[in-house]
1. Scan (1) surrounded by fewer than 18 Cβ atoms within 10 Å (Cβ to Cβ); (2) in a helix (DSSP H, G or I); (3) not aliphatic (A, V, I, L, M) for the single condition Phe64 breaks and write down its number.
2. Can you tell which of Ile130, Ile98 is away from the ligand (no atom under 11 Å from the Cβ) and either free of Cβ contacts under 8 Å to residues at least 40 places away in the same chain or open to solvent by 10 Å² or more (accessible area, probe 1.4 Å) (or both)?
3. In the stretch 13-39, which residues are surrounded by fewer than 21 Cβ atoms within 10 Å (Cβ to Cβ) and charged (D, E, K, R)?
4. Inspect all residues belonging to the stretch 196-206 and state whether any of them is open to solvent by 60 Å² or more (accessible area, probe 1.4 Å), more than 30 Å from Lys118 (Cα to Cα) and within 14 Å of the ligand (Cβ to nearest atom).
5. Could you tell me how many of the residues in the stretch 21-39 are touching a residue at least 24 places away in the same chain (Cβ under 8 Å) and either near the ligand (Cβ under 10 Å from one of its atoms) or not in a helix (DSSP H, G or I) (or both)?
6. Output the residues belonging to the stretch 78-123 that are part of a loop (DSSP other than H, G, I, E, B) and out of contact with any strand residue (DSSP E or B) (no Cβ under 6 Å at 6 or more places or on another chain).
7. For a quick check of your reading of the model, give me the residue pairs whose first member lies in the stretch 226-243 and is closer than 16 Å to Gly135 by Cα, whose second is open to solvent by 70 Å² or more (accessible area, probe 1.4 Å) and of a type outside the set (A, V, I, L, M), with beta-carbon atoms closer than 8 Å and at least 6 apart or on different chains.
8. Identify the residue in the stretch 168-183 that is of a type in the set (Gly, Ala, Ser) and near the ligand (Cβ under 8 Å from one of its atoms) and, among all such residues, is surrounded by the most Cβ atoms within 10 Å (Cβ to Cβ).
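The values are calculated or read from the model by the stated rules, or taken from the named source; none is laboratory data. These numbers come from a predicted model, not from an experiment. Quick reminder, even Gly has a Cβ in these numbers, built from the backbone with ideal geometry, and neighbours come from all protein chains shown. Side chains included, ligands, DNA and RNA excluded: accessible areas come from the protein's heavy atoms. Shrake-Rupley method; radii C 1.70, N 1.55, O 1.52, S 1.80 Å.
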Amino acid sequence: MNVLITGATGGIGKSLIDIFIKNNYHVIALGRNVDELKKLQNKYGHMILCYKINLNYEDEIDSFFQFLEDKKIKIHILINGAGIGELDFFKNTSYQKIKKIIDTNILALTKFTSYFYKRMIKKGGTIINISSTAGFQCGGPLMAIYYATKSYVNSFTYSLYEESKNTKISIILLAPGPTLTNFAGMSQNLNSLEKLYITSPKEVATALFNGFIKKKFLIIPGKINKILYYSNKLLPSKIMLSFIKKIQEKKMSKE
Ligand SMILES: NC(=O)c1ccc[n+]([C@@H]2O[C@H](COP(=O)([O-])OP(=O)(O)OC[C@H]3O[C@@H](n4cnc5c(N)ncnc54)[C@H](OP(=O)(O)O)[C@@H]3O)[C@@H](O)[C@H]2O)c1
C-alpha cells in the first residue's frame with residue numbers, strides 16, 4: 001500500500017513516515033527541503049520515494065501528478081500534511097505571506113484532494129487532512145490567516161466525510177493541538193504548564209495511525225487537547241479570543 005505525505009520533511013510528517021513504514025506501507029514523501037529529503041531517502045531506502053515540490057506552484061503539482069501517472073504509481077492513502085502559519089499582528093503580515101499560507105494550507109490541499117478523490121472512487125482509498133484544533137476556534141488573533149485556513153480545512157473535510165458515506169473512500173480529519181516542531185512559534189523552551197498539553201510529533205503520528213486502523217473520522221491527539229476541544233464549545237467566543245491572543249502574544253515575545 002502506498003501512502004503519499006505532503007509536509008513529509010516537517011516534524012509531524014517525519015513521524016508519520018516512521019510509523020507508516022514500520023507498519024510496512026510504502027511512502028511517497030513530498031517537501032521542498034532537499035537535504036531533509038536526502039536524509040529520508042538514505043534512512044528508509046526502498047520503502048520511500050522522495051520528491052521535491054513547492055506546493056505554491058500549480059505547475060509543480062501538475063508535473064508531480066504526471067510523474068505518478070508515467071510511473072504508474074497508485075496512491076491508496078493521501079495525507080495532506082503541509083501547512084504554514086504566521087505569528088504576528090495582521091497589520092504586520094505582508095500580502096505575499098498571506099498568499100503563501102492560503103496557497104499551501106487551502107489551495108494545494110484542495111487540489112491534491114480533488115485529484116486523488118476522483119481516482120479513489122472506483123477502487124477506494126483514504127484521505128487524511130491535517131488541520132488543527134485552531135480550526136475549531138471562532139478566530140485566532142495574531143495568527144488570523146492560519147486559523148481561518150484551518151477552519152476551511154475542517155469545514156471542507158466534514159463535508160467530504162458526509163459525502164463519502166456509502167462509498168469506498170474514507171475521510172479522516174487530524175486536528176493536533178500545539179506540537180513541538182519547527183512550526184511558527186513552536187521552537188521554544190517549554191515551561192511546566194506547556195509541557196502538560198504540548199504534544200510531540202510522535203504522539204500525533206501514533207494517534208493518527210491508531211485512529212486510522214480503528215476507522216475514526218476525527219482524531220485529536222492528547223487528552224488535554226480533547227478536553228479543551230469539548231470545553232471550548234461552552235465558553236463565550238469573546239473570552240476565547242482574548243485568551244488565544246494572550247497565548248500568541250506570549251509566544252511572540254519568546255521568538
Ligand atoms: N506544530 C503544531 O503546533 C501544529 C498544531 C496543529 C496543526 N499543525 C499542522 O500540522 C501540519 C504539519 O506541521 P508541522 O508542525 O510538522 O510543521 P513543520 O515542522 O514546520 O513542517 C511543515 C511542513 O510543510 C511543508 N511545506 C511548507 N510549505 C511548503 C510548500 N510551499 N511546498 C511544499 N511543502 C511545504 C514543509 O516542507 P519543506 O520545508 O521541505 O518545504 C514541512 O514538511 C501543518 O498542516 C500544521 O498546520 C501543526
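1. Unmet for Phe64, out of (1) surrounded by fewer than 18 Cβ atoms within 10 Å (Cβ to Cβ); (2) in a helix (DSSP H, G or I); (3) not aliphatic (A, V, I, L, M): (1).
2. On the way: Ile130 fails: away from the ligand (no atom under 11 Å from the Cβ).
It is Ile98.
3. Correct list: Asp18, Lys22, Arg32, Asp35, Glu36, Lys38, Lys39.
4. yes
5. Adding up the residues that qualify gives 11.
6. Gly83, Ile84, Gly85, Glu86, Leu87, Asp88, Phe89, Thr93, Ser94
7. Ser237/Cys138; Met240/Cys138; Leu241/Cys138
8. Out of the qualifying residues, it is Ala175.
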